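> What follows is a structure written as structure tokens; I'll ask about it next.
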Amino acid sequence: MSAIYSRLAIASAAVALLAATSTGALAQKKYDPGASDTEIKIGNIMPYSGPASAYGVIGKTEQAYFNKINAEGGINGRKINFISYDDAYSPPKAVEQARKLVESDEVLLIFNSLGTPSNSAIQKYMNSKKVPQLFVATGATKWNDPKEFPWTMGWQPSYQSEGRIYAKYMMKEKPNGKIGILYQNDDYGKDYLKGIKDGLGAKAATMIVAEEPYETSVPTVDSQIVALKSKGVDIFISITTPKFAAQSIKKVAELEWKPMFILNNVGASTGTVMKPAGFENSQGIISAAYAKDATDPQWKDDPGIKNFDAFLAKYFPDGNRADGSVMVGYDVAQTLVHVLKACGDNLTRENVMKQAASIKNLQIDGLLPGIKINTSATNFAPISQLQLQKFEGDRWVLFGDVMSSEVGG
């Protein structure tokens with residue numbers, strides 16, 4: 001009798017082993033280049049030098065955040081290996097760095113590479129290689145085009161959307177105003193310009209009286225601002241990166257010119273723009289925001305800002321909490337960690353994009369209340385809401401409602 005029981009036990013054990021093996025086969029780990037049992041290799045391209053070098057702190061913040069994640073055990077047991085290169089805000093250099101990351105370093109994906117010109121230069125390459133160009137650090141509307149470019153996804157609100165919001169504000173507050181626009185002469189500047197014109201509609205022809213483009217290679221934009229003032233402009237829009245944003249604020253003050261002053265979000269950091277330009281020169285400037293300003297006293301007891309401050313204290317003590325770019329780096333790194341955790345043991349490039357396109361109402365520490373991250377297979381614009389703000393004293397003060405800014409890609 002015991003022999004029968006013994007044979008039954010052996011048979012049961014064999015069935016159990018077979019079932020376990022089958023389950024194991026179903027739950028098999030899947031990896032593409034850049035992923036393994038111990039590591040996830042992430043590529044990044046930043047302007048650590050050149051005319052947009054103020055944004056380099058975004059890459060430094062991301063590195064610090066991934067150090068935090070690694071110190072806490074990594075993502076599903078895997079450490080992040082973050083490889084970040086400088087392109088000096090130069091499209092040809094960006095192409096060179098992207099090729100190096102994909103072909104030599106063999107990263108799983110390129111994350112949050114900065115600049116509209118640089119990302120435009122590598123977009124076709126990344127899509128032909130089927131390597132995620134994920135959460136790019138630019139608000140150009142073109143990143144929300146999953147049909148044509150399924151491997152490229154934006155993160156921040158689109159520039160065209162932001163431009164439309166400013167148009168709405170101008171038509172309400174100064175419908176007979178004369179608008180003069182300073183803009184960077186590339187895809188970045190032209191995207192904002194299109195949004196403003198689309199938002200103004202038929203009124204664009206009468207309200208916009210002057211446009212002054214500038215190249216990133218110029219030392220100053222002073223002559224453009226003098227030209228705009230001479231045209232009788234009483235609404236001045238500065239579509240600039242930090243260096244030129246600070247210059248535009250200083251020059252307007254120097255000329256004792258008092259137009260309605262609108263400054264685009266990516267040029268509106270308290271720490272790297274408003275403070276160097278002089279708080280006394282920055283009063284009353286209008287912009288839009290989607291992230292909290294860590295220096296704003298209204299957030300002093302906010303759990304998200306407490307987490308942010310704890311992160312800075314331990315992992316990035318050199319980080320300037322008054323620099324909005326530090327908050328951006330922190331928030332976008334949190335978004336990537338959410339996606340990689342969702343990938344589980346299926347760390348293929350295809351699954352990274354699938355999970356990135358499946359985010360539902362994600363709340364990140366540094367986003368304004370009411371602003372959540374949502375994506376889908378047909379929506380590659382994770383953040384589509386903004387709130388207007390005015391500079392008062394030494395900080396930005398939010399006003400009005402959170403506004404949706406969706407524009408089709």
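The values are calculated or read from the model by the stated rules, or taken from the named source; none is laboratory data. Computed from a prediction, not measured in an experiment: that's the story for all the values here. In this analysis, Cβ positions are derived from the backbone assuming ideal geometry, glycine residues included, and neighbour counts consider all displayed protein chains. Please note that ligands, DNA and RNA were not included when accessible areas were found on the heavy atoms of the full protein model with its side chains. Shrake-Rupley method; radii C 1.70, N 1.55, O 1.52, S 1.80 Å.
> If a residue must be out of contact with any Leu (no Cβ under 6 Å at 6 or more places or on another chain), assigned to a loop (DSSP other than H, G, I, E, B) and under 23 Å from residue 123 (Cα atoms), how many such residues does the stretch 33-46 contain?
1
> Related question: Looking at the stretch 68-95, which of the residues that are part of a helix (DSSP H, G or I) and over 20 Å from residue 122 (Cα atoms) is least open to solvent (accessible area, probe 1.4 Å)?
69
> May I ask you to verify whether residue 65 is open to solvent by 50 Å² or more (accessible area, probe 1.4 Å), among the aromatic types (Phe, Trp, Tyr), over 21 Å from residue 152 (Cα atoms) and not assigned by the TED database to the domain that holds residue 247?
No: the conditions fail for residue 65.
> Could you list, in sequence order, all residues of the stretch 168-202 that are without any contact (Cβ under 8 Å) to a residue 60 or more places away in the chain and closer than 22 Å to residue 227 by Cα?
Once the filter is applied, which keeps residues that are without any contact (Cβ under 8 Å) to a residue 60 or more places away in the chain and closer than 22 Å to residue 227 by Cα, the stretch 168-202 yields 176, 178, 179, 181, 183, 185, 189, 190, 193, 194, 196, 197.
> Limited to the stretch 126-154, what total is found for residues that are touching a strand residue (DSSP E or B) at 6+ places or on another chain (Cβ under 9 Å) and free of Cβ contacts under 8 Å to residues at least 40 places away in the same chain?
So the answer is 5.
> Restricting the stretch 213-225 to residues that are in contact (Cβ under 8 Å) with a residue 40 or more places away in the chain and in contact with a strand residue (DSSP E or B) (Cβ under 8 Å, 6 or more places away or on another chain), which is least open to solvent (accessible area, probe 1.4 Å)?
My answer is 225.
> Restricting attention to the stretch 216-241, which residues are within 20 Å of residue 288 (Cα to Cα) and modelled with pLDDT of 95 or more?
234, 235, 236, 237, 238, 239, 240
> Let me ask something else about it. Could you pull out the residue among 342, 357, 381, 333 that is surrounded by fewer than 18 Cβ atoms within 10 Å (Cβ to Cβ), farther than 24 Å from residue 246 by Cα and touching a Ser or Thr at 6+ places or on another chain (Cβ under 8 Å)?
Every option except 342 fails the conditions.
> For the stretch 226-246, how many residues are open to solvent by less than 40 Å² (accessible area, probe 1.4 Å) and either of a type in the set (Asp, Glu) or in contact with a helix residue (DSSP H, G or I) (Cβ under 8 Å, 6 or more places away or on another chain) (or both)?
11
> Inside the stretch 116-212, counting only helices (runs of 4 or more DSSP H) that do not spill past its ends, which hold 3 or more residues that are surrounded by fewer than 24 Cβ atoms within 10 Å (Cβ to Cβ) and hydrophobic (A, V, I, L, M, F, W, C)?
Result: 159-173, 204-207.
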